[in-house]
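Data first, discussion second: the structure below is written as structure tokens.
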Amino acid sequence: MSVAPTSNSVVSLVENRLGALRRQLSAWFWVDGLMRVGWTAIGLMAADLVIDYFVRFDQAQRFIMLAIMVGLIAYVARRWLVLPLSAPINDDALCLAVEEHNPQVKQSLISALQFSRLEGLEKRGMSLPMVKQTIAQGLQWAESLNFGDVLNRGLWTRNLILLCGAVIVLVGAGVAIAAQTPLQLWFQRNILLGEQEWPQKTYLVIEGAEEGKVVFPRGGEWTQVVMVEERSEIIPATVMLEFRNARGRTPQPMKKTGDLKFEALFANVLEPFDFRARGGDDVTPWVRVELVEPPTFNELNLNVTLPDYAGGSVEPLPAGRGPYLVLKGSTLTIQGTSNKPLVAAAVSIDGQSKQPLKVADDGKGSSVVTGKIPNAPAGQYVIDLEDTLGLHPLEPIAFGIRPRIDREPRVKAKFNGVGSMGMISVKAQLPVSVRVSDDFGLTKVVMEYRLRAEEEGRNKDGEVAFTTIDQAALEKDTDIEETLQVEPLALVAGDALTLVFSAADNDNISGPNIGKSSEFQLRVVTEEELRAEILRREKEQRQEFERLVKSQEELLTDTRALTAEAKSLAELSPEQRNQLMQIQRRQKLVGTNSGGIAERLELVVLEALNNKIEEEGGTLEKRLRQDVIVPLFVIVNEEVPEVIRRLDESRRLSADQTPRQESLAAAVAAQEKLLADMQRVLSFLIKAEGFQEAINLILEIQRGQQDVLDRTQKENAERVQRELGGKNSPDSTAPGEQTPPAEQPAESPQQEKEPGKP
């Protein structure tokens, strides 16, 4: 028995009815999905518009919002449109759905459909009558049922209405966008991600921001300025800076420094970050802080050119060793190479007006800065650099210049043969050694004098030029040896003479500078006073030498005693070696002091010669030089060193008996000779002292005689004037009237001479 025709008719009818249901279902999914997508898009755009209007998203935030909206719309489209439409729905599922909606069918439809697909029912052991009956019943239900009733027509109608509403809203929004409404501004900002702004009452501008970036100096201070545009209707009381990608930075209020100006100080910025300004109803776009190295010098050379009078040479100023000492009138030269291209450079002195410096490109990504400052004044110099970004040095490029004093010439003078008491005669000559030195040059060297006499009318000041030098050819270091004559000054005993040597340098800018030696105070005395002073100094040296002779006698005694003690000793004890060393030291001291006496006596001789109270080669010079000074120098330079050598040799040979004793004996012999020579010099000193006393006494008697004669003549002249009643001048007195009184006092010196005879 065959059921194929019946099965085919069932399958064809059911598939046709299910195909119609499938198309209705697809339409239902489209309406439902598009409705959901449309209203989701409308809701998201409305929310984005509101949020952006009040929050004022930046471009990055708007991009994120756009991505969120697109993502949500895509999710809704996929969830409610793509997935339902793409999901496969077989006939069995649809039949089951129809049967579920029509419970009275009791699975007749799905059973008829499934049996109609089977073949070989007999082989399967199925009952053919029952199968036919089932298929027939299913066909009956397929013809009588409306498969479309499975769908919710009310919901579909609502979705269709909502879809139409969404389309109307979207079309209206599109029209509004094209009609220059706020929706267009939203579209530009949030869909096209443009930089248009919402209408607002406050407009802020971040100064220095270009292409969303602002440049800060790395590690330095930067004052960021935010300006309120003049078109703003509301000026905010405060402006806040907000940060992102900035570790540890929190919103920072800005300081209002003007009606439209707000400032914030950033210090020691080491990492980049983003910031924006918020004030009133405006929020600026985010600005990225980029760090760059501030301009400075990789190399800076400072040189000064000295003024012409100082030679005009160029002297470098070592880097980092200021403040620099610079002569007045010098020219300062600045030359440096920067670390980056510059647009300007200037130097200021003590904060005064800046002097621009030349800036040139070196072709290597840097700039060369040059400049000259004539007559560079003292002060604090600060070099300012400006790079292409308007940045300035992180730390001031500063150095100080202090005035270098052109010191006055140094003058040192020394008189040769002038006693420590400063006593000179009216005919004295003064040998002087003068050394003058200056940093750059000299123009004049003179001796200045100041005469103060008992009679004020004779007081005078003046200067005396040196005759041994050419004033026009002075070198900066000059030595002068000259003998000055005081006789032209017409001095008299009792005058006080002050001498000082002065020199002028060649400073033609702030000078000339005058340098002076120490003052020399000289007292003009009579020849007799000088001789008495010379005699006094001879006595002092004789007394001093007597003490030295006595010390030498003691040294000889000590050396002899030590020689006798050590005669039988194989080695000197530490005490004896120390005693020997002490003798050696005392012997050296005798020599040193003897040399001092010789030098002081030589000065006495020179003083006598310079004051012309003794002719060169005269008695005083011969006595002192030949018999005292020359032998003393022989003692000091030859005999004393020999004794010291022998004593030192003995000390070094303290453990060698025979050589030691020989050396000690030689030392004793040398000391004996030394003592004999010293005693001989002492005897000459005593004789010279007595001879000088006799000469001084004779000169004193002569002075007394002359004094009596002068007084007698004066008294005679006064008596004659009284006798003549003042009619005749004392000069008219006859010589015969003067003779008797003049002869009488001639015996007076003889009478005074008797007690003073040696």
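The values are calculated or read from the model by the stated rules, or taken from the named source; none is laboratory data. The structure presented is a predicted model; accordingly, all values stated were derived computationally and were not measured. Counting neighbours? That spans all protein chains shown, and the Cβs are built from the backbone with ideal geometry, glycine included. Surface accessibility is based on the protein's heavy atoms, side chains included, excluding ligands, DNA and RNA. Shrake-Rupley method; radii C 1.70, N 1.55, O 1.52, S 1.80 Å.
If you plug each phi of the range 232-243 into the Karplus form 6.51 cos²θ - 1.76 cosθ + 1.60 with θ = phi - 60°, what whole-Hz ³J(HN,Hα) values come out, in order, with x for Gly and Pro?
Per-residue couplings from phi come out as 5, 7, 10, 9, x, 6, 9, 10, 9, 9, 10, 10 Hz.
Amide H of Ser367: which non-local residues (sequence gap of 5 or more, or other chain) have their own amide H closer than 5 Å, using H built in the peptide plane?
It is Ser338, Lys340, Leu342, Asp362, by chain and number.
If I stretch the segment between Leu265 and Thr468 completely, what's the gain in nm (0.36 nm per residue apart, minus their alpha carbon distance), one decimal?
65.6 nm
One quarter of the convex hull surface, Cα atoms only: what value does that give for the range 467-603 in nm²?
It is 15.9 nm².
If I ignore ligands, DNA and RNA and count only protein heavy atoms, how much of Asp461 is accessible to a 1.4 Å probe, in Å² to the nearest 10?
Spelled out: Asp461, probe radius 1.4 Å, area about 100 Å².
If we count every other residue with Cβ under 9 angstrom of Arg651's Cβ, Lys/Arg +1 and Asp/Glu -1, where does the sum land?
Net local charge, Arg651 excluded: +1.
Which of the pairs Lys261/Lys364; Lys427/Lys516; Lys550/Lys687 have their Cα atoms more than 28 Å apart in this structure? Please list the in-between numbers first.
On the way: Lys261/Lys364 39 Å; Lys427/Lys516 26 Å; Lys550/Lys687 19 Å.
Pairs exceeding the cut-off: Lys261/Lys364.
In sequence order, what are the phi-derived ³J(HN,Hα) couplings for the range 256-273 according to the Karplus relation 6.51 cos²θ - 1.76 cosθ + 1.60 with θ = phi - 60°, rounded to whole Hz, with x for glycine and proline?
7, 10, x, 4, 10, 10, 10, 10, 9, 9, 10, 10, 6, 7, 10, 9, x, 7
Please list Lys567, Lys550 in order of solvent-accessible area, largest first, computed with a 1.4 Å probe with all protein chains present.
Putting Lys567, Lys550 in descending order of accessible area: Lys567, Lys550.
Could you check how much of the accessible area of the range 430-533 is carbon and sulfur, as a whole percent, using a 1.4 Å probe?
For the range 430-533, the apolar C and S fraction of the accessible surface comes to 45 percent.
³J(HN,Hα) across the range 211-225 via Karplus (A = 6.51, B = -1.76, C = 1.60, θ = phi - 60°), whole Hz, x for Gly/Pro?
Running phi through 6.51 cos²θ - 1.76 cosθ + 1.60 with θ = phi - 60° gives 6, x, 9, 9, 9, 10, x, 5, x, x, 9, 9, 9, 8, 10 Hz.
Once you've got the Cα coordinates, tell me which of Lys372/Lys412; Lys567/Lys673; Lys255/Lys340 are over 28 Å apart.
Table pairs above 28 Å Cα-Cα are Lys372/Lys412; Lys255/Lys340.
Taking the range 290-405 on its own, what percent of its Cα-Cα pair distances exceed 23 Å?
The answer is 29 percent, as a whole percent.
If you place +1 on the Cβ of every Lys and Arg and -1 on the Cβ of every Asp and Glu, how big does the dipole about the Cα centre of the range 518-625 come out, in debye to the nearest 20? If you can, show how the numbers build up before the last one.
Working: 19 positive and 22 negative charges, 88 e Å.
Taking the Cα centre of the range 518-625 as origin, the dipole is about 420 debye.
FRET efficiency for Ala27 and Val169, Cβ-Cβ distance as r, R0 = 25 Å, nearest 0.05?
0.70
Given R₀ = 56 Å, FRET efficiency for Asn298-Lys255 by Cβ-Cβ distance, to 0.05?
Step by step, r from the Cβ atoms, then E = 0.95.
Give the long-range amide H neighbours of Gln429: residues separated by 5 or more places, or on another chain, with amide H under 5 Å away, using H modelled in the peptide plane at 1.01 Å from N.
It is Asn611, Lys612, by chain and number.
Please compute the net charge surrounding Phe415, taking Lys and Arg as +1 and Asp and Glu as -1 over other residues with Cβ under 13 Å from its Cβ.
Residues close to Phe415 contribute a combined charge of -2.
Which order do you get for Glu454, Glu487 if you rank them by accessible area with a 1.4 Å probe, largest at the top? Walk me through the numbers on the way to the answer.
Values: Glu454 160, Glu487 100 Å².
Ranked list, largest accessible area first: Glu454, Glu487.
Name the long-range amide H neighbours of Asp387: under 5 Å, sequence gap of 5 or more, or other chain; modelled H, no Pro or chain starts.
Val343
Rounded to the nearest percent, how much of the accessible area of the range 157-231 (1.4 Å probe, protein heavy atoms only) is carbon and sulfur?
Its accessible area is 62 percent carbon and sulfur atoms.
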